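The values are calculated or read from the model by the stated rules, or taken from the named source; none is laboratory data. This is a predicted model, so every value here is computed, not measured. Using ideal geometry, Cβ is built from the backbone for each residue, glycine included, and neighbour counts are taken over all protein chains shown.
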Amino acid sequence: MTQKKQDKRNDSGLLRSYLRWPLYMGVFLTLCAGSLYFFNYTAAIICSVCVLIYDAVAVAMYFRKSKEVIRALTKYCVNYDTVQNRLLKEMNIPFAVLDSEGGVIWGNKEFLEVINYDKSAKKNIANVIPEISYEKFPRGGLDEILHVVFNDINYRVQIRGIDTADLFGDVDMLWDEQEREKNAFVALYLYDETDIMRVIKENDEQKTVVGLLYIDNYEEALDSVDEIKRSLLIALVERKITKYFQNIDAIVKKLEKDKYIVVFKNKYFKQLKENKFSLLEDIKTISVGNEISITLSFGIGADAEKLIANYDNARAAIDLALARGGDQVVIKNLEKVTYYGGKSVQVEKSTRVKARVKAHALKEILETKEVVFVMGHSIPDVDCFGSAVGIYRISKVLGKKAYIVIDDVNTSLRPIVERVKTDTEYAEGALITSSQALEMDVSNAALVVVDVNRPTYTQCPALLDKIKTVIVLDHHRQAKDAIDKAVLSYVEPFASSACEMVAEILQYIDDKLKLKPQEADAMYAGMVIDTDNFQSKTGVRTFEAAAYLRRSGADIIRIRKALRTDMREYRVIAQAISTTEIFASDFAITECCSKGLESPTIVGSQIANELLDVVGVKASFVVTDYNNKIYISARSIDEVNVQIIMEKLGGGGHLGMAGAQIEGKSADEVKSMIKALVSQMRQDGEI
């Protein structure tokens, strides 16, 4: 036992002895009064009455006044301990002692000068420094550290709890746990860290930020103007970029005809964020007769200790920006990825060079494997299944064992699956469940993920961990939590559907490759669904892919019959549309009833598409309560980017087609969240 603890125990014993001695004396007097009964009965009676009065007063004083004595002694010790009091008063660090409710009991000269001798602090320190509230007081014996700004001075506030047991030893005989907490004290220290914070701020402002700036549609924009005006268009673009970055004292270096590297100080970063990187919109105003507006992608790396690390972050950010369709800024730092922009419709690339390169890379990878697994997202739709069928056919042409992983076949997908199963190849084991896939040998296997790029949204996330070689083919904008172990990633947000992408790849795999009519039907149906009967997100390449599938045997009449809606689903769609609410003047929101439906999420997306046909509706949102989750289907035509709305709710998608999944909320709560989010984003100018 240490000397300090021994002294504290001795002091505690002395205090207890002092407070209890009247009780001991009462016991002694009681014995004396009792002995008088053997000598004089009258004297004994009188003495007993006196002793009883004494005992009653002693007990009452002990239990009533002992707490006040302890408190008075504590205040006396704090205020009048000569040596310690003098040292504390002369200490140049502001120091104060507070009661358990935050009132200032005592403060040294430095502390009183800081609070300008404000008497309201005696009631509660929060009256002077609001950040130091009772809720911030330490619990469990640990110090609480706060950083506050008071009178333009930065302070590091250290709050330390002082238990009365630390002053008087064991006081359990007087107070219970609640009383001890009520009568505890708090020591408060204020450390001036203004100079430290200023140096930290200056150091942070001088850090170097690296950015990579790419022109998304350089070739397409130049092709849309006369040859005479091309040099003028190039000059205007360079002037706009250079002038923008001159305002922040940045270095801009042209790497290639459509690529720039930008270096600037971190002190200007906040300025760029506040104007939401206005260059994205300014560059679109350039017009010299070009039919296509210029768009930019800007990847920024920040907050890394080394310059090369910031450059690596910038490269990762620009790759992510391009994978999400361009026309946006992506900031990648040590903690998170942030997005700005992304409001434009993605421009379809006229060249199919990238598709050919990806097709050859896919072929080379699959040729080295024995088994190929194809997997889409959970609750698969027609586009997911159709693209999986296309990859299955590629694998079979290359002579590989192939399997499509699919667990649940919903109502909307069943006719397509049944049509494909008319081929014995599919009917005899090509379609397997997740549990079957996990039991199979995957030592020399490849996994192709289609129509999804987020691991948690896949049909079987465990399969991603089990198979080392993963390939991703998707047409949704890439999210920050995308599959990161893919050896080949082909993400094209401008593509109408995953079936379109696979249809292009099919044409570069092998001249002998020929789709079966059932497979062509499945892929064509996927394109029909995702383009809403070729009304949205369609380009030249979309119709070229559709023409290829028609030549391969796709039959429009069969597909139309397979995609018809049954009467029960039609009634649900009608009911949801009849209860649609219009909010913020041009946004529609409703709920899809999942009761009795086999694939309510698919019906929800159909309802969202239907609502876009209403005059004045810029975007539609449909919430569906299914399997203890709330599924959101969001749709727009061209004026609103629903993808950035859904990303704020943890989802993603395209500019005109997006969705999200939310757990732990009711449908009404999610609808309220969407309304509040849309209102806030409109107020902030994000939509």
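Against the test of being modelled with pLDDT under 80 and either within 16 Å of A187 (Cβ to Cβ) or in contact with a strand residue (DSSP E or B) (Cβ under 9 Å, 6 or more places away or on another chain) (or both), the options L88, L112 yield a single qualifying residue, L88. Screening I471 on (1) surrounded by fewer than 24 Cβ atoms within 10 Å (Cβ to Cβ); (2) at pLDDT 90 or above; (3) more than 22 Å from I505 (Cα to Cα) shows it passes everything except condition (3).
A single entry from I365, I406, I432 fulfils the requirement of being in contact with a helix residue (DSSP H, G or I) (Cβ under 9 Å, 6 or more places away or on another chain) and either outside the structural domain of A321 (by TED's automatic domain parsing) or in contact (Cβ under 8 Å) with a residue 60 or more places away in the chain (or both): I406.
Yes/no matrix, rows are residues, columns are (1) polar (S, T, N, Q); (2) buried (at least 18 other Cβ atoms within 10 Å of the Cβ); (3) under 32 Å from the mean Cα position of the chain (by Cα); (4) modelled with pLDDT under 90:
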{"residue": "K363", "(1), (2), (3), (4)": "no, no, no, no"}
{"residue": "T368", "(1), (2), (3), (4)": "yes, no, no, no"}
{"residue": "V372", "(1), (2), (3), (4)": "no, yes, no, no"}
{"residue": "M375", "(1), (2), (3), (4)": "no, yes, yes, no"}
{"residue": "P380", "(1), (2), (3), (4)": "no, yes, yes, yes"}
{"residue": "C384", "(1), (2), (3), (4)": "no, yes, yes, no"}
{"residue": "V389", "(1), (2), (3), (4)": "no, yes, no, no"}
{"residue": "Y403", "(1), (2), (3), (4)": "no, yes, no, no"}
{"residue": "Y426", "(1), (2), (3), (4)": "no, yes, no, yes"}
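Exactly one residue out of G34, G26, G102 is crowded, with 16+ Cβ neighbours inside 10 Å and at pLDDT 75 or above, and it is G102. For region 623-639, a residue qualifies if it is surrounded by 16 or more Cβ atoms within 10 Å (Cβ to Cβ) and in contact (Cβ under 8 Å) with a residue 60 or more places away in the chain, and exactly one does: I637. Per the listing A495, A503, A525, A520, the residue uniquely without any contact (Cβ under 8 Å) to a residue 40 or more places away in the chain and among the small types (G, A, S) is A520.
Per-residue answers, yes or no, for (1) buried (at least 23 other Cβ atoms within 10 Å of the Cβ); (2) over 30 Å from T422 (Cα atoms); (3) outside the structural domain of I637 (by TED's automatic domain parsing); (4) among the hydrophobic types (A, V, I, L, M, F, W, C):
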position: I577; (1), (2), (3), (4): no, yes, no, yes
position: I589; (1), (2), (3), (4): yes, yes, no, yes
position: K595; (1), (2), (3), (4): no, yes, no, no
position: T601; (1), (2), (3), (4): yes, no, no, no
position: F621; (1), (2), (3), (4): yes, yes, no, yes
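In summary, D668 fulfils each of the numbered conditions (1) surrounded by fewer than 23 Cβ atoms within 10 Å (Cβ to Cβ); (2) not polar (S, T, N, Q); (3) not in a helix (DSSP H, G or I) with the single exception of condition (3). Annotation: of all residues in region 410-421 being in a loop (DSSP other than H, G, I, E, B) and modelled with pLDDT of 85 or more, the one that is farthest from I529 (Cα to Cα) is K421. Out of Y570, Y626, I need the residue that is modelled with pLDDT of 85 or more and under 16 Å from Q661 (Cβ atoms). Which one? Residue meeting the stated conditions: Y626. Of everything listed in (1) more than 30 Å from the chain's Cα centre (by Cα); (2) modelled with pLDDT of 90 or more; (3) surrounded by 15 or more Cβ atoms within 10 Å (Cβ to Cβ); (4) over 23 Å from Q459 (Cα atoms), the single unmet condition for L513 is (2).
Here are A314, A321, A359, A304: which of them is in the same structural domain as V491 (by TED's automatic domain parsing) and either in a helix (DSSP H, G or I) or touching a helix residue (DSSP H, G or I) at 6+ places or on another chain (Cβ under 7 Å) (or both)? Full working, then the answer.
Details: A314 fails: in the same structural domain as V491 (by TED's automatic domain parsing); A321 fails: in the same structural domain as V491 (by TED's automatic domain parsing); A304 fails: in the same structural domain as V491 (by TED's automatic domain parsing).
A359 is the lone residue from the list that is in the same structural domain as V491 (by TED's automatic domain parsing) and either in a helix (DSSP H, G or I) or touching a helix residue (DSSP H, G or I) at 6+ places or on another chain (Cβ under 7 Å) (or both).
For region 277-303, the tally of residues that are within 24 Å of I483 (Cβ to Cβ) and either among the aliphatic types (A, V, I, L, M) or surrounded by fewer than 19 Cβ atoms within 10 Å (Cβ to Cβ) (or both) stands at 1. Residues in region 537-562 that are of a type in the set (F, W, Y) and more than 40 Å from the chain's Cα centre (by Cα): Y548 only.
So for region 540-548 (the condition being buried (at least 19 other Cβ atoms within 10 Å of the Cβ), part of a helix (DSSP H, G or I) and among the β-branched types (V, I, T)), does at least one residue qualify? Scanning region 540-548 turns up at least one residue that is buried (at least 19 other Cβ atoms within 10 Å of the Cβ), part of a helix (DSSP H, G or I) and among the β-branched types (V, I, T).
Which of the following residues is more than 20 Å from A317 (Cα to Cα), of a type in the set (A, V, I, L, M, F, W, C), assigned to a helix (DSSP H, G or I) and out of contact with any helix residue (DSSP H, G or I) (no Cβ under 8 Å at 6 or more places or on another chain): L272, L280, L222, L232? Spell out the reasoning first.
On the way: L272 fails: more than 20 Å from A317 (Cα to Cα); L280 fails: more than 20 Å from A317 (Cα to Cα); L222 fails: out of contact with any helix residue (DSSP H, G or I) (no Cβ under 8 Å at 6 or more places or on another chain).
Going through L272, L280, L222, L232 in turn, the sole match is L232.
Looking at S496, is it touching a helix residue (DSSP H, G or I) at 6+ places or on another chain (Cβ under 6 Å) and at negative phi? Steps first, answer last, please.
On the way: touching a helix residue (DSSP H, G or I) at 6+ places or on another chain (Cβ under 6 Å): yes; at negative phi: yes.
It is true that S496 is touching a helix residue (DSSP H, G or I) at 6+ places or on another chain (Cβ under 6 Å) and at negative phi.
Within region 549-585, being in contact with an Asp or Glu (Cβ under 8 Å, 6 or more places away or on another chain), farther than 30 Å from V678 by Cβ and without any contact (Cβ under 8 Å) to a residue 60 or more places away in the chain holds for S552, G553, A554, D555, I559.
Filter region 640-665 down to the residues that are of a type in the set (D, E, K, R) and more than 18 Å from T601 (Cβ to Cβ), then identify the one that is surrounded by the fewest Cβ atoms within 10 Å (Cβ to Cβ).
Just the residues of region 640-665 that are of a type in the set (D, E, K, R), to begin with: 647-648, 663, 665.
If we keep only those that are more than 18 Å from T601 (Cβ to Cβ) as well, we get 647-648.
On the way: E647: 20, K648: 15.
Selected residue: K648.
Just one of the listed residues (S120, S66) is assigned to a helix (DSSP H, G or I), of a type in the set (S, T, N, Q) and modelled with pLDDT of 80 or more, and it is S120. Quick check, is S278 among the hydroxyl-bearing types (S, T, Y) and under 26 Å from K332 (Cβ atoms)? The answer is yes for S278.
A430 fulfils the conditions (1) closer than 14 Å to A388 by Cα; (2) at pLDDT 90 or above; (3) surrounded by 19 or more Cβ atoms within 10 Å (Cβ to Cβ) except for a single criterion, (2).
Can you confirm whether V442 is over 27 Å from the mean Cα position of the chain (by Cα), buried (at least 19 other Cβ atoms within 10 Å of the Cβ), of a type outside the set (D, E) and not in a helix (DSSP H, G or I)? Spelling it out, V442 is indeed over 27 Å from the mean Cα position of the chain (by Cα), buried (at least 19 other Cβ atoms within 10 Å of the Cβ), of a type outside the set (D, E) and not in a helix (DSSP H, G or I). The set of residues from region 125-140 being more than 23 Å from D192 (Cβ to Cβ) and either in contact with a Phe, Trp or Tyr (Cβ under 7 Å, 6 or more places away or on another chain) or not in a helix (DSSP H, G or I) (or both) comprises R139, G140.
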